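Enquirer: Handing you this structure, nothing more for now.
The values are calculated or read from the model by the stated rules, or taken from the named source; none is laboratory data. Since the model is a prediction, treat every value here as computed from it, not as a measurement. A quick note on method: Cβ atoms are made from the backbone with ideal geometry, for glycine too, and the neighbour counts reach across all protein chains shown.
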């Protein structure tokens with residue numbers, strides 16, 4: 001398995017590219033501005049086809065390029081609680097930045113808690129981790145000992161809870177009951193900043209410790 005990360009515009013949001021070398025297939029996690037061109041270059045260099053775009057949640061900085069994946073017929077997956085944000089992202093204009101070009105798109109597959117998913121031959125389990133955003137999802141790849149956690153938790157930080165649909169107690173519960181339930185060695189790949197681990201955050205996260 002190949003895993004690549006790009007920190008993209010306009011506010012340093014991470015996009016991830018995961019490829020199955022044997023099947024020559026890949027998927028992308030989140031779509032900040034520039035993610036489509038970046039993923040397309042990677043897929044061409046590796047001789048892979050992009051099977052899906054997985055969205056950790058519907059906040060504007062994670063979905064700006066999603067319409068480009070949709071245009072190419074790439075399957076888009078996300079949580080139904082963020083349907084309005086996906087289809088009508090302009091509702092987030094009040095908490096975005098000036099000059100953002102919002103373009104809505106349709107989600108092809110709605111994901112939910114405890115769902116087992118297989119994309120590009122890679123198995124993962126879906127966890128709902130609301131609190132930062134109602135439709136926040138975690139993608140857990142047990143065999144690779146890693147999880148894509150979006151903005152639920154960062155290295156020594158947590159996602160904002162002051163945006164519409166955010167709630168600290170809900171997020172705290174998601175972190176303690178879901179994220180911290182994963183094996184300690186699990187690497188956490190967040191929507192912003194560097195990767196961390198379950199054990200590291202249990203011990204050092206100043207907002208939610210176990």
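Enquirer: Looking at residue 58, is it without any contact (Cβ under 8 Å) to a residue 40 or more places away in the chain and either outside any helix (DSSP H, G or I) or out of contact with any helix residue (DSSP H, G or I) (no Cβ under 8 Å at 6 or more places or on another chain) (or both)?
Expert: When the stated conditions are applied, residue 58 does not pass them.
Enquirer: Quick one: is residue 175 more than 13 Å from the chain's Cα centre (by Cα), buried (at least 17 other Cβ atoms within 10 Å of the Cβ) and farther than 20 Å from residue 61 by Cβ?
Expert: yes
Enquirer: Do you know which residues across region 200-210 are outside any loop (DSSP other than H, G, I, E, B) and buried (at least 19 other Cβ atoms within 10 Å of the Cβ)?
Expert: Correct list: 201 only.
Enquirer: Taking region 16-30, which residues are crowded, with 20+ Cβ neighbours inside 10 Å and out of contact with any strand residue (DSSP E or B) (no Cβ under 6 Å at 6 or more places or on another chain)?
Expert: none
Enquirer: Among the candidates 13, 49, single out the residue that is buried (at least 18 other Cβ atoms within 10 Å of the Cβ) and either at pLDDT 95 or above or at positive phi (or both).
Expert: Only one candidate passes the filter, namely 13.
Enquirer: From the list 157, 121, which one is under 21 Å from residue 32 (Cα atoms) and out of contact with any helix residue (DSSP H, G or I) (no Cβ under 6 Å at 6 or more places or on another chain)?
Expert: 157
Conditions (1) touching a residue at least 40 places away in the same chain (Cβ under 8 Å); (2) more than 17 Å from the chain's Cα centre (by Cα); (3) over 19 Å from residue 134 (Cα atoms); (4) surrounded by 21 or more Cβ atoms within 10 Å (Cβ to Cβ), marked per residue:
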position	(1), (2), (3), (4)
39	no, no, yes, yes
73	no, yes, yes, no
82	yes, no, no, yes
90	no, yes, no, no
94	no, yes, no, no
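Enquirer: Residues that are farther than 18 Å from residue 64 by Cα and in contact with a strand residue (DSSP E or B) (Cβ under 8 Å, 6 or more places away or on another chain): does region 85-99 have at least one?
Expert: Scanning region 85-99, I find no residue that is farther than 18 Å from residue 64 by Cα and in contact with a strand residue (DSSP E or B) (Cβ under 8 Å, 6 or more places away or on another chain), so the answer is no.
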